[in-house]
Structures are given as structure tokens and as C-alpha cells.
1. Looking at the structure I just gave you, is residue A:79 in contact (Cβ under 8 Å) with a residue 40 or more places away in the chain and either buried (at least 24 other Cβ atoms within 10 Å of the Cβ) or closer than 30 Å to residue B:120 by Cα (or both)?
2. Got at least one residue in the range A:156-163 being away from chain B (no Cβ under 14 Å), in contact (Cβ under 8 Å) with a residue 40 or more places away in the chain and under 20 Å from residue A:101 (Cα atoms)?
3. Which one of these is buried (at least 16 other Cβ atoms within 10 Å of the Cβ), in a loop (DSSP other than H, G, I, E, B) and modelled with pLDDT of 95 or more: A:171, A:187, A:157, A:196?
4. So how many residues does the range B:49-87 have that are buried (at least 19 other Cβ atoms within 10 Å of the Cβ), in contact with a strand residue (DSSP E or B) (Cβ under 7 Å, 6 or more places away or on another chain) and closer than 16 Å to residue B:108 by Cα?
5. Quick one: count up the residues across the range A:264-313 that are more than 23 Å from residue A:99 (Cβ to Cβ) and at pLDDT 95 or above.
6. Can you name the residue in the range B:147-164 that is touching a helix residue (DSSP H, G or I) at 6+ places or on another chain (Cβ under 7 Å) and under 25 Å from residue B:205 (Cβ atoms) and, of all such residues, is farthest from the other protein chains (Cβ to nearest Cβ)?
7. Tell me, which residue of the range B:272-286 that is assigned to a loop (DSSP other than H, G, I, E, B) and in contact with a strand residue (DSSP E or B) (Cβ under 9 Å, 6 or more places away or on another chain) is farthest from the other protein chains (Cβ to nearest Cβ)?
């Protein structure tokens, strides 16, 4: 196993790196002055690529690695992997579903709560000493509001369950209605937005869902509605969202993801009706380790010719 | 100076003494129902309260107060026709209940109006500390998100043991919400609740020893003053988190600050403090502390409900119908 060449595309989590290093022949792409320099020396040695939401395995990389057999993503999202190319070449692909579902759902609710109840603003208010000169402003309650979820998969369902404990009314949009749910279904995202006070993006990123939050949806959500994104930055037409926020055409936004991380439009920094997080949806000690263990488990299974644990292809 | 027509209308409407401006109305820009009641606005007068009351409120049968304006025995004695005291708070510490009981004066409050709102802030503070939400938002706004992996990891909620101190209305709303995240709930209260399945710890230190976080949801009494002391907090430990949406003095604040600064306590989410609005300076620089300015009840929705409750209680009283939220004295 220690001759099995594994290429890690970027720093992810020290524990994961350690464990890969212990078992396999680990190449760290960022240790090399350039990708072409790495490929020049080692392209023939790489049999597995470990990627994540920042740097995955695109067509160019896959083509440059003639002995590549498996891509294991340190994420559940597969938008950074050229799945078609992998299918063509017979390359296996694994991800890390389920272990991070709840953390991401928790982060979605955390964004809703801190946004509506203005907790980040309130904390800044206290820290700046402003409480000595006057009272804080009135905020909005979360309990009892209508929540519209785009994508009722594992994460969307977990979000719905938590929102229900706050007595919220749940509706959703997905490609087709889900059979075993009592939540109200909307075949149109615009209709869902129009009928929700809180709109949550929790579907996977595909060509169809790119910019699923566009000007029309934003307008339907309106000045009394808020948008929560724990999916991918590309789900949202970001310049449209930013101008809607600056012009007050939308009530607010809670965002864990952005189109060009780590870049965040600086105009948002002045706004009190946004909460911004540096893509931490699954960033807990427990889940980071669980994801790493699952990833390693998949690679080990592959090496030992056992069934993969969480294969996508 | 009121015009003659205004005075004659005022005479026809029932008189209600208002000690201070009613925040629930002013904060959401809702006018007082001056078309239905003659509000005697004591705070608008330049004369002291007792002079105002003697001159204007001798026929007032009702008085409305918020927490900051006490209804003392002295004040009650100056109101011979008084039969109803209405407070816009859940708490009753500012009303002389003995005197009300003695005189057969009915009292109504706002218990239950804010339970969900306050419970939400408790849950929000706890998640914020565990998942570093406010810290993450600050991080981005300070321009510090430049690369990969520099922001510290948070903690998963499922499986965390949360000890609720005071399982009243608010405590139950907190429990119900945290349940959905997979937290394991137990509690300490004056008495065990026989119809509640959550494990009961009669001893607060035992609760702390079996919890990853304590959420303070009880009221402030002589017994609960500084109930969360150094011993309880040391038992909660280096990874323990404390959330307070009750009253500041329930926690020995000086001890808590020292433990947080030394790293003997894992984190804190605080909506209340011993000396509001004065917050200990040492907390201002800590990323594992989230502080809010006593705003657990500060929502548009709760204030709307509260305004409706005030008007509803006054209407009920003046038409001899049962009060909406009468307190048993």
C-alpha cells in the first residue's frame, strides 16, 4: 500500500494528510512550484487523487495522469470532478455523504437564526460599547415562519426537521415531488420563493442548478424574504444578489458559500442584514475526522479489492 | 394644552394611568389606542409622579407598567379607585403583590408571550458558540479569509449533552428545539416534572458534571442568585459552554470571566449580565464568547402580540369580562 501513489490537491485537514501519508505514497501538489512541474516528475506514479471543494479533479488533471484509477473527494459535492471523464476512463469516484449531513443542516439553521435575530450585529454592538449609549433594535422571530427548501435530499430533509422544531411551515422544490413527505411541493422555484419567508438552497450543483437563484427568484422572495445558501456559490447569481441586498429589494442573506471563494463582495461588509461564513458547513472536529476516515476507508477498500464504501461511480 | 373637544372625549373614555411610555408600542411604531382609552401619561408631565397622580388619576381604575416603573404600596395608596394593575413584563418583582391582594386589585402580566423568542436566542447563542458563527462573520468582514483552513473548526451538535437549568415554559421551548439537533437533554429545576421524560438532576453540580453545556432558563430569586458559581463552572469544565438567557446575577460573573480568560471554561453565550449595560471588558476580545444586549424578547412579532395583549386585557377589564392573562395572587 505504501507504494500506491496518492495525489492530494490542496491542504484539507491535517489528520487526513497524516493518515494518507502513513498508508500510501503521498504527493502534496502544493509542495511543488507548479502543477506542470509536479506532472513532469510524477504523473506516472499517481493512482489516486484526493480532492475537495476547492481543488478537485478536472478534465485537464485526469488526462495528465495516465495511471489514475480512483478519485476520492473530501466532500459530498461532486461539482469539482469531471464525472464524464471518469466514466470514460473507468475511474472510480467516491465522496463523503451522510457523515456531514447534520453539520451542514445545523449551519443552515445557525445562519437563519443569527440573521433573523441579528445576533452577529448584536454581538458587535456589545463589543463596541454602544450598549452603554442606547438600546438595541427590534429583530425578527424565526419560529412560525415559512421555510422554502430547494433540494429535499439528505441535507434538505435534515434542515426541514430542525425548522419544524421551530414550528415552521415547510415547502420545497426539487426536480420531482418526494413521495413520503407531507411538505408542500412547488414545481417552480419562483413560486416557492414567492411563498416563503426564508428560502434555503440545499441542492447539489449541476448544470441545471447553476444560478438557480436568479433575479426573478430574488424579486419573488422580496424585501421581507431572506436567502440562505449552504450549497455552492454558483447556485446564486452573486452580482444580482449583491445589488438586491444593497438596494433593499431582498430582506437579507445568510451565506456559507460564494462564487469565487475566498473572495466576498466587500460591499456586503457594511450590511447588517447579511451573515457571512467562510465555507464552514461541515467544519467540525468530529465531522472532519469522520469524513477523513470514510475517505481513507474507501481508498483502502479499493486497494484491497473490496467493495467501495461510498462510491459514486 | 388640550383643546376643549379633546377634554370632553377624554372624560367619556375609561382612564388608564401610564407610568412610562410603553416600549412594545413605541419600538414597533404602533400608536396607543387613544380612541378607546384615556391614557394619563405621567412621564410626560413636568411634575413629580405623586403630584401628577393626585391631580389627575384619582378616578383611574387601571394602571399599566413596564419593568422599569415600580407599582409600590405608596403609589397604590394614592389610587383609591384602582382595581387593575397590568404589566407588560412576565416578571412581577416591581409590583407590590401583597398590597394588591389586600385591596382585591387584579393583576395581569405577559407570561408566555416571549417564551419562543427567548428560547430562540438561547438556542442561537449555543449554536453560535459551538459553530463559531459570529466569529466567522467577523473573520470575513475583517478581510481575514484569504486562504485555506485557517479558521478553527467548530463542534458537532448531535450527541452533545445539554443541561437546562429551569424547565419552565422557556426551558421546554429550548429543549424541544435542541432535541431536533440530536442534543441529549437533561435538567435541574426546583421540582422534578413528573410528566417529562428528560433525566432530572436534583443537584446542579451533578447536572454540570453530566453536561457539555448548561442553558440557564430560570428566574432570578434569592435561591438562584449566583447559583452558577465557580464550582459548577469548573465542573462543567474546559470544553463546557454556558448560555444565560435568564438574569445576569444567576451567574457569578466575576468568576465566570476569570475562568473564560484562563481557559477553564470552554465558552459562553450571554444575553444577560450582572450590571447591564456594563459588560466585562475582558470578554470583548474572546472569540469563544457571544454576547447580546438583553434582546431575547426583542422581536417585532412578540411586541405585536404584547400590544394586542395589553389592549385585550384593558378591554376585558373595562367591559367586566375575564382578563386574558390574570396572575393568581
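The values are calculated or read from the model by the stated rules, or taken from the named source; none is laboratory data. Note that this is a predicted model, so its numbers are computed, not measured. A quick note on method: Cβ atoms are made from the backbone with ideal geometry, for glycine too, and the neighbour counts reach across all protein chains shown.
1. Details: in contact (Cβ under 8 Å) with a residue 40 or more places away in the chain: yes; either buried (at least 24 other Cβ atoms within 10 Å of the Cβ) or closer than 30 Å to residue B:120 by Cα (or both): no.
In short, no.
2. Taking the range A:156-163 first, the residues away from chain B (no Cβ under 14 Å) are A:156.
The next check asks that each one be in contact (Cβ under 8 Å) with a residue 40 or more places away in the chain; those that pass are A:156.
Subsequent filtering for residues that are under 20 Å from residue A:101 (Cα atoms) retains A:156.
Yes: the range A:156-163 contains one or more residues that are away from chain B (no Cβ under 14 Å), in contact (Cβ under 8 Å) with a residue 40 or more places away in the chain and under 20 Å from residue A:101 (Cα atoms).
3. Working: A:171 fails: in a loop (DSSP other than H, G, I, E, B); A:187 fails: buried (at least 16 other Cβ atoms within 10 Å of the Cβ); A:157 fails: in a loop (DSSP other than H, G, I, E, B).
It is A:196.
4. 10
5. As a first pass, look at the range A:264-313 and keep what is more than 23 Å from residue A:99 (Cβ to Cβ): A:264-276, A:305.
Next, only the ones that are at pLDDT 95 or above stay: A:264-269, A:271-276, A:305.
Number of matching residues: 13.
6. Of the residues in the range B:147-164, the ones touching a helix residue (DSSP H, G or I) at 6+ places or on another chain (Cβ under 7 Å) are B:151, B:153-158, B:162-164.
Within this subset, residues satisfying the condition of being under 25 Å from residue B:205 (Cβ atoms) are B:155, B:157, B:162-164.
Values: B:155: 5, B:157: 5, B:162: 14, B:163: 19, B:164: 15 Å.
So the residue we want is B:163.
7. Step one: filter the range B:272-286 for residues assigned to a loop (DSSP other than H, G, I, E, B), giving B:272-274, B:276-277, B:279-280, B:284-286.
If we keep only those that are in contact with a strand residue (DSSP E or B) (Cβ under 9 Å, 6 or more places away or on another chain) too, we end up with B:272-274, B:279, B:284, B:286.
Values: B:272: 12, B:273: 9, B:274: 14, B:279: 6, B:284: 5, B:286: 10 Å.
My answer is B:274.
Residues checked against (1) touching a residue at least 60 places away in the same chain (Cβ under 8 Å); (2) in contact with a helix residue (DSSP H, G or I) (Cβ under 8 Å, 6 or more places away or on another chain); (3) away from chain B (no Cβ under 14 Å); (4) crowded, with 19+ Cβ neighbours inside 10 Å:
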position	(1), (2), (3), (4)
A:28	no, yes, no, no
A:39	no, yes, yes, no
A:44	no, no, yes, no
A:54	yes, no, no, no
A:69	yes, yes, yes, no
